[in-house]
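The values are calculated or read from the model by the stated rules, or taken from the named source; none is laboratory data. For clarity, every value in this text was computed on a predicted model and none was experimentally measured. Reconstructed Cβ throughout: ideal geometry from the backbone, glycine too, with neighbour counts over all protein chains shown. Protein only, heavy atoms only, side chains kept; ligands, DNA and RNA dropped before computing areas. Shrake-Rupley method; radii C 1.70, N 1.55, O 1.52, S 1.80 Å.
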Amino acid sequence: MQNQLLPLGTLSFLFLALPLVGCGDATEGAAKPSSTPASSEAATANSMPSALWADAPLAEARDVKDVRDTAADGQAVVLRGTLQDFGDLATFRLVEDSLDDCTEMSEEDHCPTPWDYCCEDPEKLRKYTVNVEFLDGEFPAAWSLRGERGLDRLSEVTVAGKLRLDEAGNLRLEADRIAMQ
């Protein structure tokens, strides 16, 4: 009798353990607040607020390189550029439109990640790039911009906000509005 119960007990254990293995995301979601939202309410809370989007390109936009040369800390500005890449939070890097993003290179010269501007001089790229942040208080907001209204690497955008320039010459934009070009 004991030999017959062992396989039944083993099957019962596997039957009970299987949902735990198959639902790893659901059990992790309960333990980690930063995991994928389980409800549409949570997804909405982790999305970019619609009030930050403009339906048309923002007026009086200036090129990144023009602003970079005359930037002053706290200056309100509208920038025009190409989105290089996203951060984990509500951040991205905006690059001067006149720089080559490497998508039109020949097959043998083409880099696998053209949005990183691998064909440009790194110093020139640094000079004509601005870090953009949508803040929640003092820190970047917890939502990601990637995929919002079709926003992706190499998207051309206009962004409004205040420039922040540190003593090392690093420039960032505390953004409060964005639009696709």
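Annotations for the structure displayed:
- Cα-based shape type of region 114-158, given that a ≥ b ≥ c are square roots of the gyration tensor eigenvalues and the cut on a/c is 1.5: oblate
- In sequence order, region 65-79 has phi-based couplings of 5, 5, 6, 4, 6, 10, 4, 10, 4, x, 5, 7, 7, 10, 10 Hz under the Karplus curve 6.51 cos²θ - 1.76 cosθ + 1.60, θ = phi - 60°, and Gly or Pro positions carry x.
- Paramagnetic label zone (point 7 Å from Cα along Cα-to-C-beta, Thr70; backbone N under 15 Å) in region 158-181: 163
- Projected label distance in nm at Thr103 and Trp53, using a 7 Å step from Cα toward the beta-carbon: 2.0 nm
- Solvent-accessible area per residue in region 66-181 equals 52 Å², computed with a 1.4 angstrom probe and all protein chains kept.
- In Hz, Karplus ³J(HN,Hα) per residue of region 158-174 (6.51, -1.76, 1.60; θ = phi - 60°; x = Gly, Pro): 10, 9, 10, x, 10, 6, 10, 10, 8, 5, 8, x, 6, 10, 9, 10, 7
- Taking θ as phi - 60° and the Karplus parameters 6.51, -1.76 and 1.60, the scalar couplings of region 124-140 work out to 5, 4, 4, 5, 10, 10, 10, 7, 10, 9, 9, 8, 10, x, 8, 10, x Hz in sequence order, x denoting glycine and proline.
- Most tightly packed first, judged by the mean number of other beta-carbon atoms within 10 Å of their residues, the peptides 66-78, 128-140 read 128-140, 66-78.
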